[in-house]
Amino acid sequence: MTFQPVPATTEPTTTVPSSATGPPIPESRRGFGTDLWRAVARNRKAVVGVLLLLFFLVLSVFPGEIAPYSPTAEVFQPGLGPSWQHWFGTTAYGQDVLSQLIWGTRQSVVIAFAVGGLATALAVIVGVSAAYLGGISDGFLSLITDVILVIPIFPLIIVIAAYERNAGLFTLVIVLGALGWSYGARQLRAQTLSLRRRDFLEAARVRGERKSYVILHEILPTMTSLIVASFLGAALYAVLFAAGLQFIGLGDPNSQSWGTMLYWAENNEALGANMVLWAITPGVCVALLGAAFALLNYAFDEISNPALRLRKLDITGTRERPKDATITAPTTSDRILEVRGLSVAYASDEGPVVAVDNVDFDLHRGEFLGIVGESGCGKSTLMYAIARLLGPPFSGEITDGEVIFRGRDMVKLGDRQLRHIRWREFSVVMQSAMNALNPVLTIEAQMRDACKAHSKMSDKEIEKRSIEVLKLVSIDPIHLLSYPHQLSGGMRQRAMIAMALLFTPDLVIMDEPTSALDVVAQRSLMMQIKELQERLGFAVIFVTHDMSLVSHFSDRLLVMYAAQVAEFGNTRQLFDNPRHPYTRALLDAFPSIHGPRVRLTGIPGSPPDLARPPQGCRFAARCPHATPRSIAVEPPLFDVEGDLVRCFLYEESAAEENVRAGATEGVA
Ligand code: SF4
């Protein structure tokens, strides 16, 4: 079957009903307040932290209404144990312990919020101003920060307490606030320095915005999570520090606070005098209030940075569709990798997101397989799953399928077994060499680390092997002593490949190794990879979005669309005669290095949301050939002359082929 390509700029002729693209976004998802509330409600640390803090806030605001007795009234029998009248007993002076605890909450809460607010305000003013103003201002403010950072707080408080004859609440707040901002200021300064050269700040400067406006409206909003963390950290520090100071007698002994209770309990040897709860409960309250701030700090980190959130993956209902027929590649003994029905899902707030859906393919020894597709199609997740690199901070999990590598199912291997075969039998070249190479270690040190992790080679042998692999990728061995920043982008990527070849593995998985390079460097690197692959005989899985580039070097191509295999087959055949409308559109979208000049077209629309995939063909919304059937029903993979295509346009061809194959078998 053939069809005329329709210019991709033409809008799809078929309207996809809303049901095909999943349910509409619920109203409740909209709005910052609603989103924040949902995020807090879903985060256990946030829920526990908020409940604890609310509990203490209520106690601190209404102690007169909640406490059963006056905290200072010495009217009961001293040293009573717990009873219905006195839940936590009485003190050595005949006061009710519970009432003292309730009244003591107020001072700790006031200290926490006052010190947190004061320290955070100082940290923001000093840290952000120092980084943004730079020059002498930065030097002066940084000097003050460093001095405050190293001032020993205890001796200072002792001096102040002696001068003041016991530090009261106001003194504690001022001293703790004045000494507790320096750490936050350092963090905020570092963050502001990293923002200083960002384009949006340059744009604000070019627009002629005032410095104060840039700081308040451009910089501070981007650091909300750091500022909140700074406040919560300072509040936690204030609660613990104030209680500690009062416990050792450096506070006002007549004030109502948990630290003062601890001080009097210790003075009266409450633990040995059967007044255990008098000594223990104030400490428990300090710990619980501190835990509330610590939990909120963690929770805020997780809420503001979704990558830190631990979500449980619930895959119920994600595997309802029947599996595709297994790829009918000839069984040969040189097959080193078989991926069977592999599915990977990520946990998200909207439920599981299946990023790799039931993928099948195999790889032969010395074969070059290209995996191509748009961003977000699942190709990198597939690579991570094969290499078993999924795990924190990614919340992805292999939910189904097998990855048989040289006879072993990688999915079932433990960490130790994986460590044994990684790098020796298969290695991975990451996307960005600048990030993948450690910037503070020389190339030689990084090669040595890799060798030591996987072998018992001596230093001499490691040096010899490092020189060999660097020569393999045409890098002068003199660069063994270079740091990554001293190499060009192409050389860094070559160095990564050299490291991947240290043990001459059977398989090298490459995740877009050329994406950060210019066109000339890309081509040169690709030719080198191909030459090495043919010379050393290792197989390559090359993940890229540049179909045109990889098609000049790969033996077979696997085209992915929206987590599924759209087309899989011989590169030449697939390149000359792309069958799936998506493959054709991809080829039309990329310029070719060879051949006549042709007008390039894009692919209209965007891939579907994998959290709510359409029920029919995933490409239907962008496909000029979509039919009501393909919108409603998901096509399986059809085998057309050895090429696998997920498209109903080839249903008849596949059926005819099956009939022909059956007839041939019958004749035979
Ligand atoms: S089945 Fe084929 S023709 Fe139909 S929408 Fe999908 S890709 Fe287009």
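Please treat every number below as a calculation from the coordinates, not as lab data. Small disclaimer: the values here were computed from a predicted structure and weren't measured. We place every Cβ from the backbone using ideal geometry, glycine too, and count neighbours over all the protein chains shown.
Straight Cα distances below 16 angstrom link residue 460 to the aspartates and glutamates 444, 449, 468, with same-chain residues fewer than 8 positions distant left out.
Taking label positions 7 Å along the Cα-Cβ direction at both residue 266 and residue 66, the computed distance is 2.6 nm, reported to one decimal.
Taking a point 7 Å out from the Cα of residue 589 in the direction of its Cβ, the residues of the range 540-555 whose backbone N falls within less than 16 Å of it are 544-551.
Backbone phi angles across the range 456-471, fed through the Karplus curve with coefficients 6.51, -1.76 and 1.60 (θ = phi - 60°), yield HN-Hα couplings of 10, 5, 6, 4, 5, 5, 5, 4, 4, 5, 4, 5, 4, 5, 5, 5 Hz in residue order; Gly and Pro are listed as x.
Taking amide H atoms as placed 1.01 Å from N in the peptide plane, the amide H of residue 80 lies under 5 Å from those of 90, each 5 or more residues away in sequence or on another chain.
Using the Karplus relation 6.51 cos²θ - 1.76 cosθ + 1.60 with θ = phi - 60°, the per-residue 3J(HN,Hα) values for the range 63-73 come to x, x, 7, 8, 5, x, 9, 5, x, 9, 5 Hz, with x marking Gly and Pro. FRET efficiency for the residue 606 to residue 276 pair, using the beta carbon distance and R₀ = 56 Å, is estimated at 0.30. In this structure the amide hydrogen of residue 482, modeled in the peptide plane, comes within under 5 Å of the amide hydrogens of 443, 444, none closer than 5 places in sequence on its chain. 3J(HN,Hα) along the range 630-635: 5, 6, 8, 10, 7, x Hz, from the Karplus curve 6.51 cos²θ - 1.76 cosθ + 1.60 with θ = phi - 60°, whole Hz, x for Gly and Pro.
Placing a pseudo-label 7 Å from each Cα along the Cα-to-Cβ vector at residue 213 and residue 416 gives an inter-label distance of 6.5 nm. Panel order for 72, 260, by other beta carbons found within 10 Å of each beta carbon, from fewest to most: 72, 260.
Annotation: amide H of residue 429 within the under-5 Å range of 509, 510, 511, sequence separation 5 or more or interchain, hydrogens built in the peptide plane.
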